[in-house]
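The values are calculated or read from the model by the stated rules, or taken from the named source; none is laboratory data. If you're wondering where the values come from, they're calculated on a predicted model, not measured in any experiment. All Cβ positions, even for glycine, are placed from backbone atoms using ideal geometry, and neighbour counts span all protein chains on display.
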Amino acid sequence: MSQKAASPRASIIRCASCDGFGWFDDEFDGESADCDWCAGVGYVYRRDGRDAAIPKADFAAVADALERLEHERLRELGYQGAAKKPWQQEIRKDTQLGRNPYTGGDA
């Protein structure tokens, strides 16, 4: 009888429960709470089809991987790496905050 090969190293994936945010906002009372699955990290270890929270003791060892995954997630959400001034934000066009206070116009 052959033995099952040792499990490969755990991979880090986005938490399926909070989709990488690490917390939930209650839509009824506005309270926020950390995700129970990932303990507020937004990512979990996956090994053999099972997900587990990343222990705090592992944070230093996986910091680079978590940072890379978070950059990917933010890019998916449309973040481009720099903050836009209020008058540069599409959602604020045609509002008082959509006007550049330094030029008096849109630019």
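If the condition is being of a type in the set (Asp, Glu) and within 21 Å of Leu77 (Cβ to Cβ), then the stretch 27-63 contributes Glu27, Asp34. Look through the stretch 67-100, keep the residues that are assigned to a loop (DSSP other than H, G, I, E, B) and in contact with a helix residue (DSSP H, G or I) (Cβ under 8 Å, 6 or more places away or on another chain), and return whichever of them is nearest to Phe21 (Cα to Cα). Looking at residues that are assigned to a loop (DSSP other than H, G, I, E, B) and in contact with a helix residue (DSSP H, G or I) (Cβ under 8 Å, 6 or more places away or on another chain), I get Gln89. Could you tell me how many of the residues in the stretch 43-82 are of a type in the set (A, V, I, L, M) and touching a Leu at 6+ places or on another chain (Cβ under 9 Å)? Of the residues in the stretch 43-82, 1 are of a type in the set (A, V, I, L, M) and touching a Leu at 6+ places or on another chain (Cβ under 9 Å). Where strands (runs of 3 or more DSSP E) fall wholly inside the stretch 14-66, the ranges with 1 or more residues that are among the β-branched types (Val, Ile, Thr) and out of contact with any His (no Cβ under 9 Å at 6 or more places or on another chain) are 43-47. For the stretch 86-101, filtering for residues that are over 30 Å from Arg14 (Cα atoms) and surrounded by 10 or more Cβ atoms within 10 Å (Cβ to Cβ) leaves 11. Being closer than 20 Å to Ala65 by Cβ and free of Cβ contacts under 8 Å to residues at least 40 places away in the same chain is the filter here, so list the residues in the stretch 14-36 that pass it. Those that are closer than 20 Å to Ala65 by Cβ and free of Cβ contacts under 8 Å to residues at least 40 places away in the same chain: Cys15, Ala16, Ser17, Cys18, Asp19, Phe21, Gly22, Cys35.
If you go through the stretch 28-38 and pick out every residue that is over 17 Å from Ser17 (Cα atoms) and modelled with pLDDT of 95 or more, you end up with 0.
Looking only at the stretch 39-66, residues that are more than 20 Å from Ser17 (Cα to Cα) and among the β-branched types (Val, Ile, Thr) come to 1 in all.
If I filter the stretch 37-51 down to residues being in contact (Cβ under 8 Å) with a residue 12 or more places away in the chain and of a type in the set (D, E, K, R), which single residue comes out as surrounded by the fewest Cβ atoms within 10 Å (Cβ to Cβ)? This residue is Asp48.
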